[in-house]
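Here is the structure we will look at.
The values are calculated or read from the model by the stated rules, or taken from the named source; none is laboratory data. As the structure is a computational prediction, the values presented were derived from the model and not from experiment. Glycine gets a Cβ as well: all are built from the backbone with ideal geometry, and neighbour counts include every protein chain shown.
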Amino acid sequence: MKKLVALLFVVLSIACKNEKPETIIIPEKIVYEFGYRLNDYKVINDTLKSGENFGEILSRNKIGSSKIYEIVTKIRDSFNIRSLKAGIPYTILAKDDSTQQAQVFIYRQSKIYYTIIDFKDSTIFVVNGKRPIKTKIETASGLITTHLSHAIKSQGLSPDLTYKMADEVFAWAIDFSKLQKNDKFKLVYDTNNFT
């Protein structure tokens, strides 16, 4: 019986060694932003440094001076490159090859507004855009056991919200100094999500 079990173990071991591992191919996640398929580019995110200019950024990203001049000349009526400010983020979409030459410059003026300068082809163009905003209505309510700020914090909200309500929103409508233990509150507010 022991010989039979040992022989069965050897046969199973040999059979398992001959099986090839199964290859699982996970498809690449396709990412679109600003109307571009980012998977097709080398994406370079950076922030404008003090004293840095548009020409320096493009030159550093393998655009020659004659092409920079052409870009600046063609876009001057649509976008003033002197409006670029230090501390503002930008994105370069570069060729995803050995040259890694810039193709698109995206300047993000704010969380909402952006400017795209596309110079990958002979046609150079500017798009001034606005990111879509989704507004969602939220509510929070609770019972005051010590202070309003503690009750708001227990709802997962910032305690700074108490001071904003007291100083900015309801300063002349509610006397926040007269709130007492077991008073109830309910907040209805909107949140913005940028897509």
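Some notes on this structure:
- Screening the range 146-161 for residues that are under 29 Å from the mean Cα position of the chain (by Cα) and part of a helix (DSSP H, G or I) and picking the one that is surrounded by the most Cβ atoms within 10 Å (Cβ to Cβ) gives ILE152.
Per-residue answers, yes or no, for (1) among the small types (Gly, Ala, Ser); (2) at pLDDT 80 or above; (3) under 30 Å from ILE75 (Cβ atoms):
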site: GLN101; (1), (2), (3): no, yes, yes
site: ILE112; (1), (2), (3): no, yes, yes
site: LYS120; (1), (2), (3): no, yes, yes
site: LYS136; (1), (2), (3): no, yes, no
site: PRO159; (1), (2), (3): no, no, no
site: ALA166; (1), (2), (3): yes, no, no
site: TRP172; (1), (2), (3): no, no, no
site: LYS178; (1), (2), (3): no, no, no
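- Qualifying positions in the range 84-108 - surrounded by fewer than 17 Cβ atoms within 10 Å (Cβ to Cβ) and within 23 Å of the chain's Cα centre (by Cα): LYS85, ALA86, GLY87, ILE88, PRO89, LYS95, ASP96, GLN100
- Across the range 111-128, the number of residues qualifying as loosely packed, with under 13 Cβ neighbours inside 10 Å and outside any loop (DSSP other than H, G, I, E, B) comes to 3.
- Check on ILE57, touching a helix residue (DSSP H, G or I) at 6+ places or on another chain (Cβ under 8 Å) and either in contact (Cβ under 8 Å) with a residue 40 or more places away in the chain or farther than 20 Å from GLY129 by Cβ (or both): no
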